[in-house]
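The values are calculated or read from the model by the stated rules, or taken from the named source; none is laboratory data. This structure is a prediction, so every number in the text was calculated from the model and none was measured. All Cβ positions, glycine included, derive from the backbone under ideal geometry; neighbour counts span all protein chains shown. The accessibility values were calculated without ligands, DNA or RNA, using every heavy atom of the protein model including side chains. Shrake-Rupley method; radii C 1.70, N 1.55, O 1.52, S 1.80 Å.
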Amino acid sequence: MAEAVASSSAEAEQELDFDDFYAANFRPVAVQLYAYFGDMGDAHDVTQEAFTRAWQRWSTVRGYGNPVAWVRTVAWRLAISRWRRVKTAMRHLASQREEHEPAVDGLRVDLVRALRTLPDNQRKAVVQHYLGGMSVAEIAGDSGVAEGTVKSWLSRARTALAQELTEREGVADA
């Protein structure tokens, strides 16, 4: 029982010792990191992490000649690591190419609707040929049909699309 009380007392003393250390040194370390980051939130986060690591090793760190130097070193290493991660992320973002979708206009919407009215094989042939730039031979090879069949699909699709788009245009004009 006496050992438990002595152990509890030693832990309480160690905790008070750390509390005093923290109170005396948090602000000076945070101010240095604020000057580095230019952001008080980041400075406090890194400083807090450094003190958390000191607390985890307090029985060892408190025996150092200058425990605050240890905390400051840890804080600076954390700050540099964070800065490198942010720098890498910014470099990655800068290398990303911005891609813009073309504006959706009425003609495009009408074309998509008209394509939906076609049978699957005709729609696929139109898309591959006119939008994908594939030749009739390539489409035939991919589809496993004769070139004449692909030509037939394209012809029928053009006729159906012309009719569908003309009807839509007539509806839009009315």
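Quick rundown of the values:
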| read-out | value |
| --- | --- |
| Complete set of residues in region 54-67 that are crowded, with 18+ Cβ neighbours inside 10 Å and within 23 Å of GLY41 (Cα to Cα) | ALA54 |
| Qualifying helices (runs of 4 or more DSSP H) (wholly inside region 106-163; at least 1 residues being modelled with pLDDT of 85 or more) | 120-126, 136-143 |
| Answer from ARG77, ARG84 - the residue that is open to solvent by 60 Å² or more (accessible area, probe 1.4 Å), over 27 Å from GLU11 (Cβ atoms), assigned to a helix (DSSP H, G or I) and in contact with a helix residue (DSSP H, G or I) (Cβ under 9 Å, 6 or more places away or on another chain) | ARG77 |
| Residue, modelled with the lowest pLDDT, within region 2-29, restricted to residues that are open to solvent by 80 Å² or more (accessible area, probe 1.4 Å) and charged (D, E, K, R) | GLU3 |
| Residue in region 30-45 that is among the charged types (D, E, K, R), surrounded by 12 or more Cβ atoms within 10 Å (Cβ to Cβ) and more than 27 Å from the chain's Cα centre (by Cα) present | no |
